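Visitor: This is the structure I have questions about; it appears just below.
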Amino acid sequence: MQRDKANLEYAGRTQLARALALLEPLVARAFVSVRADQLGEPQRAAHACIADVLPELGPIAGIHAALHAYPEAAWLVLACDLPFLDAATLQQLIAARDAQRLATAFRSSHDGKPEPLCAIYEPASRGPIDVWIASGQLCPRGFLAAADVALLTLRTPQALDNINTSDEYRVARGHLGEGAHGLPGGGAAAPAESHTLQIQYFALLREQAGRNSETVSSRARDARALYEELRVRHGLLLEPEQLRVAVNEEFADWSQLLREGDSVVFLPPVAGG
């Protein structure tokens with residue numbers, strides 16, 4: 001990005017300020033996770049901070065530091081670079097919290113893996129995370145994938161999409177209905193529009209959806225996000241990894257971008273030999 005992502009602005013607020021505004025009404029206290037060299041940075045220093053104890057470890061260092069700073073507390077860990085996140089998603093996470101597990105997290109709407117940076121970590125996760133780091137493992141997603149974790153399906157599939165490049169920032173601003181003023185690299189992006197899609201269901205999916213086909217209006221940008229929308233709408237029980245997807249009569253990846261008028265078919269495994 002060639003700039004601090006926490007200071008990127010949407011609708012006149014930095015991502016950091018927006019994340020805190022969403023978080024603070026839902027928790028007892030909110031802190032900003034920082035490296036030691038960020039303690040004097042004005043945007044962060046304006047808030048209560050917890051500095052990493054273990055340097056150079058990335059996001060898992062922030063989780064580790066929080067769990068050690070207040071070992072009796074459960075922590076709602078939230079990345080600041082989630083421009084599409086809304087309060088309803090955080091409320092869904094809190095309502096579904098399973099305090100008997102090490103953590104509660106969402107499945108990614110893109111690959112089905114746990115989302116570690118919008119998740120609740122219980123006090124009991126502190127020891128296992130210490131062991132994970134001591135063994136040389138630094139990926140919080142890997143930790144959640146291997147741990148006893150409650151996994152949830154996002155009601156809004158794009159809520160945890162983050163931005164990592166100037167182009168993605170430009171597109172995100174467009175999705176949120178903002179112009180291109182102040183964007184790195186210039187240019188403009190049109191606000192996101194719904195597209196009309198033709199959907200077909202086969203076999204078990206047809207039974208679960210209660211229909212052979214339908215026409216939907218969706219803002220889903222790819223096949224996986226569309227399927228997650230339909231899962232919520234119809235109570236579909238199969239995971240994306242159990243299916244194949246075809247777009248316009250050709251087999252496609254789940255990351256296939258969708259366009260107006262596309263025909264999408266979800267194919268469950270064939271039963272029998």
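Any read-out appearing in this document is the output of simple, stated calculations on the displayed coordinates, not a laboratory observation. Since the structure is predicted, the reported quantities are computational estimates derived from the model, not experimental observations. As a convention, Cβ positions derive from the backbone with ideal geometry for all residues, glycine included, and neighbour counts pool all protein chains shown.
Visitor: May I ask you to order 150-158, 21-29 by the average number of other C-beta atoms within 10 Å around their residues, highest value first? Mind showing how you got there, number by number?
Guide: Working: 150-158: 19.8, 21-29: 12.9.
Output ranking for 150-158, 21-29: 150-158, 21-29.
Visitor: Using alpha carbons only, how many degrees (0 to 90, rounded to 10) separate the axis of helix 59-69 from the longest principal axis of the chain?
Guide: 50
Visitor: Any idea what angle helix 223-234 forms with the longest principal axis of the chain, computed on alpha-carbon atoms, 0 to 90 degrees, nearest 10?
Guide: The angle comes out at about 80 degrees.
Visitor: If you take all C-alpha pairs in the chain, what percent of them are over 31 Å apart?
Guide: Tail of P(r) above 31 Å: 34 percent of Cα pairs.
Visitor: Now for a different question. Using the Cα atoms as the points, what is the convex hull volume per residue of segment 195-267 in Å³?
Guide: Spread over its residues, the Cα hull of segment 195-267 gives 74 Å³ apiece.
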